[in-house]
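Take a look at the structure below.
Only the coordinates and a few stated rules stand behind these numbers; no lab work does. Because the structure is predicted, anything quoted here is derived from the model rather than measured. Here the Cβ positions follow ideal geometry from the backbone for every residue, glycine too, while neighbour counts run over all protein chains shown.
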Amino acid sequence: MSLVETEWLEKNLKKVKIIDCSWHMPSSKRNGHEEYNKKHIPGAIFFDLDKNSKKNTNLPHMLTDKKNWEKIVSDMGINQNDEIVVYDNSDVISSCRCWYNFIYFGHDPKIIHVLNGGFKKMVKRK
């Protein structure tokens with residue numbers, strides 16, 4: 001996995017696509033999308049892990065099919081050549097699940113990263 005530090009992200013904000021993939025266990029009574037709407041890294045796009053997973057299964061967060069994945073990514077304004085940094089603000093490190101989706105569907109592993117320390121570390125730098 002390619003981890004990037006908050007310092008690196010600050011220097012490259014305008015060169016990368018940033019994805020917030022915050023997801024929380026239902027018992028936490030937190031909602032990643034609501035939190036994103038209140039505060040996120042500037043320019044970040046929200047990736048809804050529940051919405052962007054396979055629908056016709058009882059298992060949570062299963063990979064969707066390639067056709068649906070391509071639509072999800074296209075709707076987010078992302079293409080195969082975009083360098084991406086994924087982060088989260090959760091205790092379950094949901095950013096890694098999003099990262100895996102991109103790798104699984106063929107995004108170049110050299111240009112898809114996870115932000116080390118996530119949103120919490122980025123906020124502490126400010």
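Quick notes
- Using equal-weight Cα scatterers in the Debye expression, the normalised intensity of the chain in log10 at q = 0.16 Å⁻¹ is -0.75.
- Taken over region 24-75, lysine pairs spaced eight or more positions apart, or on distinct chains, with alpha carbons under 22 Å apart number 14.
- Backbone HN-Hα couplings from phi across region 9-15 [Karplus 6.51/-1.76/1.60, Hz, Gly and Pro as x]: 4, 4, 6, 10, 3, 7, 9
- Between Ser53, Ser27, Ser94, the Gaussian network model of the chain with springs among Cα atoms under 10 angstrom shows the greatest mean-square fluctuation at Ser27.
- Cβ-based charge dipole, the chain, positive-most Cα from Asn116, Ser28, Trp99: Ser28
- Since only Leu13, Thr64, Asn52 are under comparison, the one whose Cα sits farthest along the positive direction of the charge dipole of the chain, derived from C-beta charges on Lys, Arg, Asp and Glu, is Leu13.
- Charge tally around Val16: other residues with Cβ under 15 Å, Lys/Arg +1 each, Asp/Glu -1 each, net -2.
- The Cβ shell under 12 Å around Tyr104 holds other residues with a net charge of +1, Lys and Arg each +1, Asp and Glu each -1.
- Taking Lys and Arg as +1 and Asp and Glu as -1, the other residues whose beta-carbon sits under 12 Å from that of Asp65 total +4.
- Across the chain, C-alpha contacts under 8 Å between residues 6 or more apart give a mean separation that, scaled by the residue count, equals a relative contact order of 37 percent.
- Those Cys residues of the chain for which no other cysteine Cβ falls under 4.7 Å: Cys96
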